Amino acid sequence: MKHSKEYYDNLITQYVEGKAKIKGEHPEDVKKAVDMFFHAGKMLVDYPEIGSIPAEYVDNLISALAKHPEYHSLVVDLISILNDERGE
């Protein structure tokens, strides 16, 4: 199911405003990386002219997730998405 840009904008805004949370138990470094990623996403919502989330936030998220075997399939999916965006 593909969601609209407005759906994701609202989701990010709800998270940053504390009205939505990440469900489940997660390692502290993963929670921190996800939090930073959502805040970077809010920058994109507020300033769409930046075009994309700065690479250091994406790198930080993938690095944090990659440290934990339970997230490896998610890491593979994220890298695949990035490669598709780059045309690789």
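Read the figures in this text as sums done on the coordinates, not as results from a lab. Note that the structure is a prediction, hence the values are computed from the model and not measured. FYI the Cβ positions are ideal-geometry reconstructions off the backbone, even for glycines, and counts take in every protein chain you see.
Whole Å is fine, so just give me how far the alpha carbon centre of the range 65-88 lies from that of the range 22-38. Cα centroid to Cα centroid, the span is 16 Å. At full extension, residue 79 and residue 14 could sit 20.8 nm farther apart than now, given 0.36 nm per residue minus the alpha carbon distance. At a Cα cut-off below 19 Å, give the lysines reachable from residue 67, other chains included and same-chain residues fewer than 8 away excluded. Result set, ordered by chain and number: 31, 32.
Where the only charges are on Cβ atoms (+1 Lys, Arg; -1 Asp, Glu), what is the dipole of the chain about its Cα centre, to the nearest 20 debye?
Details: 10 positive and 16 negative charges, 56 e Å.
The dipole of the chain has a size of about 280 debye.
When only Cα pairs below 8 angstrom with a gap of at least 6 residues are kept, the chain shows a relative contact order of 22 percent. At the listed q of 0.12, 0.13, 0.19 Å⁻¹, the Debye profile of the chain, built from one uniform point per Cα, gives log10 I(q)/I(0) equal to -0.39, -0.46, -1.02. Qualifying trypsin sites (Lys or Arg not before Pro) in the range 17-88, where qualification requires a DSSP coil assignment and no more than 10 other C-beta atoms within 10 Å, comprise 19, 21, 23.
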